[in-house]
Amino acid sequence: MDSFLQDGDILLGGVFVVHSGFNFQPPSFQEIPKPVSCTGFHVRYYRDGLGLMFAINEVNAIPDLLPNVTLGFSLVDSCMSEQRAVGGVMSLMSGGSHPVPGYNCHLQPVTAGIIGELVSALSLPIARILGVLHYPQISHGATLSSLSNKINFPSFFRTVPSNMFQNVALTQLTGQFGWTWVGMLVVDNDVGQQGGQAIQAGLERSGVCIDFLEKIHLSYSKSQILRVVEVIKKSSVNVIIMHSPEVHTKVLLDALFDEGVTGKIFLSSASFGLTPGLFSKKAWKVLNGTIGLIPNTGAMPGFQSFLLNLRPFGSSSYPFIKLLWEKAFNCKWSDGEKSHPTSVVLDVNETVFCSGEERFGENISTLFETNDLSYTYHAYLAVYAYAHALHWLLGCHDGICDGISEVEPWKVLHYLKKTSFRTKSGETMTFNADGDLPASYDIINVQVLQDTFNLVKVGNIDPEAIGGGKITLNISSVLWNERFSHVPSSSCSIKCHVGHRKVPRQGQPICCYDCLPCSVGEVANVTDASECHKCPPDQWSGEKKDQCIPKVIEFLSYDEPLGIMLAVMVAFFSVFTICILIIFAKNQETPIIKATNRELSYILLVSLILCFLCCLIFIGQPSKVTCLLRQTFFSVVFSISISSVLAKTIMVILAFNATRLNSPLRRWLGPTIPRHVVGLCSGLQIVICSVWLHMSPPMPGMNTEVESHKIILECDEGQKFFFYMTLGFMGFLAVISFFVAFLARNLPGTFNEAKLITFSMLVFCCVWISFIPAYLSTNGKYTVAVQVFAILGSSAGLLSCIFFPKCYIILLRPERNNRDVLVNSKRNKLFE
C-alpha cells in the first residue's frame, strides 16, 4: 500500500479519495466487471488532501497552539475502494508499507489519529476497526446516521452533520417546493440502502410518494444502466432524489443524456458531490437545474494563496503534486521525472512536457473549484480539532506535563470528546455526544449557461432550528432546466381545488387520486382536501362548496309579491262574497231566493267567506296557533260548504218529486234534512280533525333537507294520514254532490240548481285533483301557495257557479224574479 509522508513530531493519518475509482474491464463470460487498476486522478478530491496540508502548515505556524511540536501527515489514497481504504488505515496504524493487523511498527513519530474518509461506505469499515482499537477518526464527509452510534463506533467523529438531519432537510425541501411525487436513485451498498430507506421513510411520513427506488449498481453493467434509464424515462415524476456518491452516477447521467432524458430535476443529498470537473458536458446537461445539499462552508483565509504557491519541486514533499501538474497543464513529465504509474499518457504526436515553471494564474478558481470548499473546509476543521486535542493533552495539568513520547491515540480520543475551539470565522466548535460538530447545509443550484457550469448558493438550512423547519431559500435565484420556466410541479395527480376532495385510485400510491366535488351540504376550504366537512344544519355549502353560508329562511310572507297577491285575492273574494250575502239578505223574500232554500244559501255563503279568510292563516311565519288551525279550520269550513251544496241538491230532488198533494215526500221538504246533512257531514270532519289534533298535532318546524340553501319554516303536519283523510272526506262529499246533481240535471231549470251544482262540483273536483300532484311536486312556500290557490279556486268556483246566476236575475233581470214566471216555467218544463 503506497503512502505519502511528511515528517513531524506527531503525525496525522489521512485516508482520502484522490483517484476517482477503478478502471473496469468485463470478462468475456461474465457481465460483472473486474477491477484492474486505480485510475482517474481528480483535482476536486485531491483538494481535500491539500486542505489537510494547508491546515497543518497553519497549525505549525501558530506558536501558542502546539509550542515546540511539529505536526506531520501520512496520506493514503483510497481510490474509492473499501479494500484500499481499509488496507491504508491498517498500514497507517502498523507503521509499515504493508498492513500488519494488531502490530505497531512505529518507531517515531506516533500517528495521533486518522482524518477521513469522505464517503460513508468507506468510512464505515474503517470506523469498525478503529473503534475496536480506540483509535480516533474524524471524517470530513461521511453522513451515515448509524456512525453516530457510540456503542458500535466509539472513536468516530465527523465535521459534517449526519444524514438524520439531511433526511429531514430533504423532506422539508420537497415540501417547500410542493413536490409530492418523486423518484429515488441510491447507490447499491449498505450505506445507500440505509440512507435510502431513511429518506424514503421521512418523505412518506410527510405525504410524499415514491414512484420508483432504483439502485445504482457498482458494476456499471450496460444492461443495468439502460434498465434504470428506461424506468426514469417512463416515469411521470419530474423530481428525482439522488443519494449516491457522484462517482457512481457518471455512466448513468451520460446514458440519460444519450436517451434524451434531460427534463428531470434532481434533488441531491449531501453524499452526492456536485463536482464540476468530475462530470462530462452531457452529464451536466442532465443535471441542469439540480438542487443539492452541501455542508456549510466557513472561511479558509490564505488557502487560495497556498494553492497559487504550489510548485512541483519546491513542494515535492506533497503527494501527487506532479499528477496535479499533468492534469492542470495537460502535459507529462519526462521519463526521468515520471510522477506515478498512473500518469496521464498522451498521444506521442501531441506530447507536451511539463517544465515545472507553469503558473496557475486565473484558472485556479476553475481548476480547484474554489467557489465550493465544503468538504475541504471540513477536512481543515478536522486538523484543528486534533491540534486542540493535542494542545490539551500536551499541556500541564495538576503539575503533570505529558511529553511527545507519551502521546497515545486513546489519550487523543479522550481529549477529542472534550475539545472546544473557535474557527477563524468566529464559530465555536465542540463535538456533541454523537461525535458531530454543529453544522448546517447550504442549498446549491446547478446552473448551466452556454456550456458554463455554475454552482450557485440559493439558501441554507439551519440544524439548530430544524424542529421549526428553518429553511432560508431564495427561489427567485434558482434557475431550472430549459423545460421549466418556474418552480416545476411533481405530483401524480393535479391538485384538487377547494370544494373537492381526494379519492385514492385503487392499487396506486396515496398521492395518486381523483378529485370529486363535495356533496351538497359539505365543504372543503383547502386544496387537496382528504375529506369534505359537513356544514351545520343552519348553513349550506354554497355553489363552490368552499365555505359554509347561512341558509336563507323561507316562508310565504306578506312582504313578498306572491303573499301580497294571495292576500289581495282573499280580500277581494271575501268582500265579494259578503256583498252577495247582503244582496241575498235584502232580497230574501223574493221568489228566486225562497225557491233555492235561503237558509242553506246563507250557510253556504258564510262558509265560503270563512273558506276565503282561512287562506290568511297559511300566509306569514308559521306559529303554533296557525299550524294547529291551518288544515283543521280549512277542513271543517270546507266540509260545511260542500255539505250545504249536497243538502241543496237533495232538497231540489225532493221538491220536484213531491209535487203531488198526497206524495209522502212532502213531509221531508222542511229544514230538517238540510240541517241534519250539514250537521252530520261537518260533525264527522270535526271528529277526524279532533283525533288528528290529539294524536299528532301539526307543529311549526324548520325543514333543512328539501333545499340545500334554504331553511323552510313550515308546519309539520304530523301524520300525513290525517291530512289525506280530511281531503278524502271532502272529496267524498264532492263526488256525492256531483253524482246527485248529475241525476237531477234534467229537472226544470228555473226551479232547481242541479245544473249549477253539477258544474260547480265539476270545477271543485278538477281543482282538487290538480292540487294533489302540484302539492306533491313543490317545496317550501310554493307548496303553501298551491294549497291557497286550490282553496281560492274551488271556493270561487262554488261561489260563481251557484250564486252568480241568481245575482244576475236579482240585479239585472228583476222581471223574472216573480212567482208567475217561475210557475209557468215549471209547468212548461213538465209538459215538454
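The values are calculated or read from the model by the stated rules, or taken from the named source; none is laboratory data. This structure is a prediction, so every number in the text was calculated from the model and none was measured. Ideal geometry is used to build each Cβ from the backbone, glycine not excepted, and the neighbour counts take in all protein chains shown. Note: areas computed on protein heavy atoms with side chains; ligands, DNA, RNA excluded. Shrake-Rupley method; radii C 1.70, N 1.55, O 1.52, S 1.80 Å.
Out of all the residues in the stretch 782-796, which are more than 20 Å from Phe633 (Cβ to Cβ) and in contact with a Ser or Thr (Cβ under 9 Å, 6 or more places away or on another chain)? Steps first, answer last, please.
Here is the first cut: in the stretch 782-796, the ones more than 20 Å from Phe633 (Cβ to Cβ) are 782.
Result: no residue meets the conditions.
What about Thr366, is it within 51 Å of the chain's Cα centre (by Cα), assigned to a helix (DSSP H, G or I), surrounded by 13 or more Cβ atoms within 10 Å (Cβ to Cβ) and modelled with pLDDT under 85?
On the way: within 51 Å of the chain's Cα centre (by Cα): yes; assigned to a helix (DSSP H, G or I): yes; surrounded by 13 or more Cβ atoms within 10 Å (Cβ to Cβ): yes; modelled with pLDDT under 85: yes.
Criteria met by Thr366.
Take the conditions modelled with pLDDT of 90 or more and in a loop (DSSP other than H, G, I, E, B) and apply them to Glu531. Does it pass?
Values: modelled with pLDDT of 90 or more: yes; in a loop (DSSP other than H, G, I, E, B): yes.
Against the criterion (modelled with pLDDT of 90 or more and in a loop (DSSP other than H, G, I, E, B)), Glu531 qualifies.
Cβ contacts < 6 Å: first residue farther than 17 Å from Phe329 by Cβ, restricted to the stretch 41-60; second residue surrounded by 24 or more Cβ atoms within 10 Å (Cβ to Cβ) and among the small types (Gly, Ala, Ser), any location; separation 6+ or different chain. Result?
Asp48/Ala379; Gly51/Ala379; Leu52/Gly14; Leu52/Ala379; Val59/Ala387
Can you work out which of the residues in the stretch 481-529 that are among the acidic types (Asp, Glu) and without any contact (Cβ under 8 Å) to a residue 40 or more places away in the chain is surrounded by the fewest Cβ atoms within 10 Å (Cβ to Cβ)?
Here is the first cut: in the stretch 481-529, the ones among the acidic types (Asp, Glu) are 482, 514, 522, 528.
From the residues that got through so far, the ones that are without any contact (Cβ under 8 Å) to a residue 40 or more places away in the chain too are 514, 522, 528.
Working: Asp514: 13, Glu522: 18, Asp528: 20.
My answer is Asp514.
Of the conditions (1) open to solvent by less than 50 Å² (accessible area, probe 1.4 Å); (2) hydrophobic (A, V, I, L, M, F, W, C); (3) touching a His at 6+ places or on another chain (Cβ under 8 Å), Leu566 fails just one. Which one is it?
(3)
Restricting to the stretch 535-551, give me the number of residues that are without any contact (Cβ under 8 Å) to a residue 24 or more places away in the chain, open to solvent by 30 Å² or more (accessible area, probe 1.4 Å) and closer than 16 Å to Ile711 by Cα.
Counting residues in the stretch 535-551 that are without any contact (Cβ under 8 Å) to a residue 24 or more places away in the chain, open to solvent by 30 Å² or more (accessible area, probe 1.4 Å) and closer than 16 Å to Ile711 by Cα gives 3.
Quick one: would you say Gly207 is in a loop (DSSP other than H, G, I, E, B) and more than 26 Å from Thr452 (Cα to Cα)?
Working: in a loop (DSSP other than H, G, I, E, B): yes; more than 26 Å from Thr452 (Cα to Cα): yes.
When the stated conditions are applied, Gly207 passes them.
Mind checking whether some residue in the stretch 758-776 is of a type in the set (S, T, N, Q) and modelled with pLDDT of 85 or more? Even if it seems obvious, please write down each step before you answer.
Start the filter on the stretch 758-776 by keeping residues that are of a type in the set (S, T, N, Q), which leaves 758, 760, 770.
Filter once more, so that each one left must be modelled with pLDDT of 85 or more: 770.
Scanning the stretch 758-776 turns up at least one residue that is of a type in the set (S, T, N, Q) and modelled with pLDDT of 85 or more.
Considering each of Ile582, Ile564, Ile578 in turn, give the residue that is part of a helix (DSSP H, G or I) and within 57 Å of the chain's Cα centre (by Cα). Walk me through it before giving the result.
On the way: Ile582 fails: within 57 Å of the chain's Cα centre (by Cα); Ile578 fails: within 57 Å of the chain's Cα centre (by Cα).
Only one candidate passes the filter, namely Ile564.
Restricting to the stretch 242-296, give me the number of residues that are of a type in the set (Ser, Thr, Tyr), over 17 Å from Val186 (Cα atoms) and either modelled with pLDDT under 85 or more than 34 Å from the chain's Cα centre (by Cα) (or both).
First, pick out the residues of the stretch 242-296 that are of a type in the set (Ser, Thr, Tyr): 244, 249, 262, 268-269, 271, 275, 280, 290.
Now narrow it down to the ones that are over 17 Å from Val186 (Cα atoms): 262, 275, 280.
Imposing the further condition that a residue be either modelled with pLDDT under 85 or more than 34 Å from the chain's Cα centre (by Cα) (or both) reduces the set to 275, 280.
Residues flagged as of a type in the set (Ser, Thr, Tyr), over 17 Å from Val186 (Cα atoms) and either modelled with pLDDT under 85 or more than 34 Å from the chain's Cα centre (by Cα) (or both) within the stretch 242-296 amount to 2.
Answer yes or no: is there a residue in the stretch 298-307 that is modelled with pLDDT of 85 or more, surrounded by fewer than 21 Cβ atoms within 10 Å (Cβ to Cβ) and under 33 Å from the mean Cα position of the chain (by Cα). Steps first, please.
Restricting attention to the stretch 298-307, the residues satisfying the condition of being modelled with pLDDT of 85 or more are 300-307.
Then keep just the ones that are surrounded by fewer than 21 Cβ atoms within 10 Å (Cβ to Cβ); that gives 301-302, 304-307.
Subsequent filtering for residues that are under 33 Å from the mean Cα position of the chain (by Cα) retains none.
Checked against the condition, which is being modelled with pLDDT of 85 or more, surrounded by fewer than 21 Cβ atoms within 10 Å (Cβ to Cβ) and under 33 Å from the mean Cα position of the chain (by Cα), the stretch 298-307 yields no hits at all.
Examine the stretch 742-754 for a residue that is open to solvent by 40 Å² or more (accessible area, probe 1.4 Å) and at pLDDT 80 or above, and state whether such a residue exists.
Within the stretch 742-754, not a single residue is open to solvent by 40 Å² or more (accessible area, probe 1.4 Å) and at pLDDT 80 or above.
For residues that are at pLDDT 85 or above, assigned to a loop (DSSP other than H, G, I, E, B) and hydrophobic (A, V, I, L, M, F, W, C), scanning just the stretch 308-332, find the one that is nearest to the chain's Cα centre (by Cα).
If we take residues in the stretch 308-332 being at pLDDT 85 or above, assigned to a loop (DSSP other than H, G, I, E, B) and hydrophobic (A, V, I, L, M, F, W, C), then Phe320 is nearest to the chain's Cα centre (by Cα).
Step by step: first the residues of the stretch 701-726, then only those that are outside any strand (DSSP E or B), open to solvent by 60 Å² or more (accessible area, probe 1.4 Å) and not basic (Lys, Arg), then the one that is farthest from Lys544 (Cα to Cα). Which residue is that? First the steps, then the outcome.
Filtering the stretch 701-726 for residues outside any strand (DSSP E or B) gives 704-709, 717-726.
Then drop every residue that is not open to solvent by 60 Å² or more (accessible area, probe 1.4 Å), which leaves 705-706, 709, 719-721, 724-725.
Applying the additional criterion that residues be not basic (Lys, Arg) yields 705-706, 709, 719, 721, 724-725.
Details: Glu705: 19, Val706: 19, His709: 12, Gln719: 37, Phe721: 40, Tyr724: 40, Met725: 44 Å.
Only one residue tops the list, namely Met725.
Looking at Lys544, Lys495, Lys551, can you tell me which residue is in contact with a Lys or Arg (Cβ under 9 Å, 6 or more places away or on another chain), of a type in the set (Lys, Arg) and modelled with pLDDT under 90?
Values: Lys544 fails: in contact with a Lys or Arg (Cβ under 9 Å, 6 or more places away or on another chain); Lys495 fails: in contact with a Lys or Arg (Cβ under 9 Å, 6 or more places away or on another chain).
Among Lys544, Lys495, Lys551, only Lys551 is in contact with a Lys or Arg (Cβ under 9 Å, 6 or more places away or on another chain), of a type in the set (Lys, Arg) and modelled with pLDDT under 90.
Taking Val237 and the conditions (1) over 30 Å from the mean Cα position of the chain (by Cα); (2) hydrophobic (A, V, I, L, M, F, W, C); (3) part of a loop (DSSP other than H, G, I, E, B), which numbered condition does it fall short on, given that it satisfies the others?
(1)
Can you pull out the residues in the stretch 202-238 that are farther than 19 Å from Ser490 by Cβ, out of contact with any His (no Cβ under 7 Å at 6 or more places or on another chain) and not β-branched (Val, Ile, Thr)?
Residues satisfying the conditions are Lys215, His217, Ser219, Tyr220, Ser221, Lys222, Ser223, Leu226, Arg227, Glu230.
I'd like the full set of residues that are open to solvent by 30 Å² or more (accessible area, probe 1.4 Å) and either part of a loop (DSSP other than H, G, I, E, B) or under 17 Å from Phe618 (Cβ atoms) (or both), limited to the stretch 680-700.
At the first step, the residues of the stretch 680-700 found to be open to solvent by 30 Å² or more (accessible area, probe 1.4 Å) are 680, 684, 686-687, 690-691, 693-695, 697, 699-700.
Across the stretch 680-700, the qualifying residues are Pro697, Met699, Pro700.
Determine the pairs where a residue that is over 16 Å from Cys611 (Cα atoms), located within the stretch 565-585, has a partner that is buried (at least 21 other Cβ atoms within 10 Å of the Cβ) and modelled with pLDDT of 90 or more with Cβ atoms under 7 Å apart, the partner being 6 or more residues away or on another chain.
Short answer, once both residue conditions are applied: Phe584/Leu605.
Restricting attention to the stretch 208-218, and to residues there that are modelled with pLDDT under 85 and open to solvent by 30 Å² or more (accessible area, probe 1.4 Å), which single residue is farthest from Met184 (Cα to Cα)? Give the derivation first.
Start the filter on the stretch 208-218 by keeping residues that are modelled with pLDDT under 85, which leaves 216-218.
Okay, now just the ones that are also open to solvent by 30 Å² or more (accessible area, probe 1.4 Å), so 217-218.
On the way: His217: 14, Leu218: 16 Å.
Per the criteria, the residue is Leu218.
Condition (residue is of a type outside the set (D, E, K, R), in a helix (DSSP H, G or I) and modelled with pLDDT of 80 or more) applied to the stretch 333-347: is it met by at least one residue?
Keep residues of the stretch 333-347 that are of a type outside the set (D, E, K, R), which gives 333-334, 336, 339-346.
Cutting the leftovers down to in a helix (DSSP H, G or I) gives us 336.
Filter once more, so that each one left must be modelled with pLDDT of 80 or more: none.
The answer is no; no qualifying residue exists.
Among the residues of the stretch 586-601, write down those that are in a loop (DSSP other than H, G, I, E, B) and in contact (Cβ under 8 Å) with a residue 24 or more places away in the chain. Give the steps one after another, and end with the answer.
Narrowing the stretch 586-601 to residues in a loop (DSSP other than H, G, I, E, B): 587-590, 596-597.
Passing the criteria: Asn587, Thr590, Thr596, Asn597.
For the structure I just gave you, tell me whether Ala387 is open to solvent by less than 60 Å² (accessible area, probe 1.4 Å), at pLDDT 85 or above, over 19 Å from Gly40 (Cα atoms) and among the small types (Gly, Ala, Ser). Talk me through it step by step, then tell me what you get.
Working: open to solvent by less than 60 Å² (accessible area, probe 1.4 Å): yes; at pLDDT 85 or above: yes; over 19 Å from Gly40 (Cα atoms): yes; among the small types (Gly, Ala, Ser): yes.
Here the answer is yes, as Ala387 does meet what is asked.
Among the residues of the stretch 247-260 satisfying the criterion of being open to solvent by less than 10 Å² (accessible area, probe 1.4 Å) and free of Cβ contacts under 8 Å to residues at least 40 places away in the same chain, which is nearest to Met80 (Cα to Cα)?
Leu253
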